[in-house]
Amino acid sequence: ELVRKGIPHHFRAIVWQLLCSAQSMPIKDQYSELLKMTSPCEKLIRRDIARTYPEHNFFKEKDSLGQEVLFNVMKAYSLVDREVGYCQGSAFIVGLLLMQMPEEEAFCVFVKLMQDYRLRELFKPSMAELGLCMYQFECMIQEHLPELFVHFQSQSFHTSMYASSWFLTIFLTTFPLPIATRIFDIFMSEGLEIVFRVGLALLQMNQAELMQLDMEGMLQHFQKVIPHQFDGGPDKLIQAAYQVKYNSKKMKKLEKEYTTIKTKEMEEQVEIKRLRTENRLLKQRIETLEKESASLADRLIQGQVTRAQEAEENYLIKRELATIKQQSDEASAKLEQAENTIRKLQHQQQWDKIDPHCGDKIKQGEIKRNNSFPDENNIARLQEELIAVKLREAEAIMGLKELRQQVRDLEEHWQRHLARTSGRWKDPPKKNAVNELQDELMTIRLREAETQAEIREIKQRMMEMETQNQINSNHLRRAEQEVISLQEKVQYLSAQNKGLLTQLSEAKRKQAEIECKNKEEVMAVRLREADSIAAVAELQQHIAELEIQSS
């Protein structure tokens, strides 16, 4: 009862420590060590210090003693309780404590308030306790001020829009310090109950004005009118607060209801999160299936392009094969012509053995054969052979001239002999015998000349036959070389033909394999497209079901 009437200013530090049992706390000895450590919340604390009681002389100067000790206490607590760390609003409570006591004692009292007065739960990152307080306070409004509750609902004026700071700062940011300090005296004695009482009393006292205002007007009323309604003193407000009916059992019941609601909400959130995750995975699967479908379509198009290219290559190979076949046929015709030429040469050689007097025919055949071998090597050989033949012909002509000269000489001797022997019977017998011997000598010489002429003619024929034989041998050798060359060319063309046939069969086999593979790929693509369509339909149905469930 004395606390409700107000604690004297000079006793307030001692009484607050006694009310929260903060004397001789072991953590007080750790305070100096904590100040030497570094906190991850230092930047946030520095930022908010200038906003804490900016008009109070103890705190308004930058880097003043008040701001420094406020920073020390907040930093020390952020190191003691790393889960909470630092939360906006707690600096106002620490600032009020520092106005009453030294920083070590203020630190100990603040630790006790956080641990035993539900403030730690209020300042946790989740602020679950603040949500509970808002729910309990809203239920009290619905019970005690139903018309105002309906008005708040119609204006979408939520409890947290005006009452959050009441619970987080114990009205330190709402009322001037003398009134807020009186409420804090009772809070140190009775806990958060006084916040519920004072808050409901404020709404009762301002119900008529609030009922006439919209949401913006109500916010202005809470920020500018209510803080100055009790400048004359807080006694009226405190009396009105204790006239409010506060049922602790009902508050416990509301706490259980809120816990149940939150548990259900958490389960729903978990389910929604799971459904969203599943929905995201289903969408990813749909995207994957669409990409696979697009990839399969690209592969199908690529396969069709490949098939077209292979068809064109097969057409080119067939054309090349036809050209090679034509070349092979031409080579076969040339080979046959060469064989016929060889047979003719052999036949001509046999004919020459039977009839050696066929020089003109040989020369004509030579000319024809030379025409059949028009390359440079054959022309050179034929020129050499022609030169040799002409040389032998010249020798034969020279021999013939010599024979003719000898015949003429013999005829002259014969004429002279006839002239001498015209008077042979008139001469004596000895002289007749000499004449007979001379006749025999002339006869012998004539026979010798005839024999030499025959020998020369035989030699001439032999030379002609040797020349013809050499020419025939050269022709035969050239024909054999040509036949060998043609055979090698035929073998090469046959091997090339076989290789091309092998390539053609291999190309046909590959084309058949590719066509079979393309057909399989087309079937696989169609099957996958059907599966993808079915999967997409199933996923869409599943998504629709999930959306219905989530709604």
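The values are calculated or read from the model by the stated rules, or taken from the named source; none is laboratory data. Small disclaimer: the values here were computed from a predicted structure and weren't measured. Neighbour counts run over all protein chains shown; Cβ positions are idealised from the backbone, glycine included. Ligands, DNA and RNA are stripped out before the accessible areas are found, and what is left, the full protein with its side chains, is counted by its heavy atoms. Shrake-Rupley method; radii C 1.70, N 1.55, O 1.52, S 1.80 Å.
Per-structure values
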item	result
Angle between the chain longest axis and helix 193-205 axis [Cα atoms, degrees, rounded to 10]	80
Lysines whose Cα lies under 25 Å from that of Lys334, excluding same-chain neighbours fewer than 8 positions away	Lys318, Lys325, Lys344, Lys361, Lys363, Lys368, Lys489, Lys498
Helix 128-144 axis, angle to the chain major axis (alpha carbon atoms, nearest 10°)	50
Straight-distance crosslink candidates among aspartates and glutamates, where the alpha carbon sits under 19 Å from Lys5 and sequence neighbours closer than 8 are dropped	Asp185, Glu190, Glu193, Asp231, Asp235
Charge context of Ala294, other residues only, Cβ under 13 angstrom, K/R +1, D/E -1	-2
The chain - accessible surface per residue (Å², probe 1.4 Å)	62
Whether the range 1-122 is rounded, prolate or oblate, judged on the alpha carbon gyration tensor where a/c under 1.5 counts as rounded	oblate
Cα long-axis angle, helix 103-116 against the chain (0 to 90 degrees, to the nearest 10)	80
Leading residue at positive end of dipole, the chain (Cβ point charges), from Cys41, Gln406, Ile183	Gln406
Cα-based reach from Lys510 at 16 Å (exclusive), listing aspartates and glutamates while leaving out same-chain residues under 8 positions away	Glu310, Glu312, Glu313, Glu520, Glu521
Furthest towards positive pole of dipole, His10, Ala331, Met101, structure part the chain, Cβ charges	Ala331
Lys, Arg +1 and Asp, Glu -1 on Cβ, resulting dipole of the chain about Cα centre, debye, nearest 20	980
Rounded percent of accessible protein surface that carbon and sulfur make up, the chain, 1.4 Å probe	53
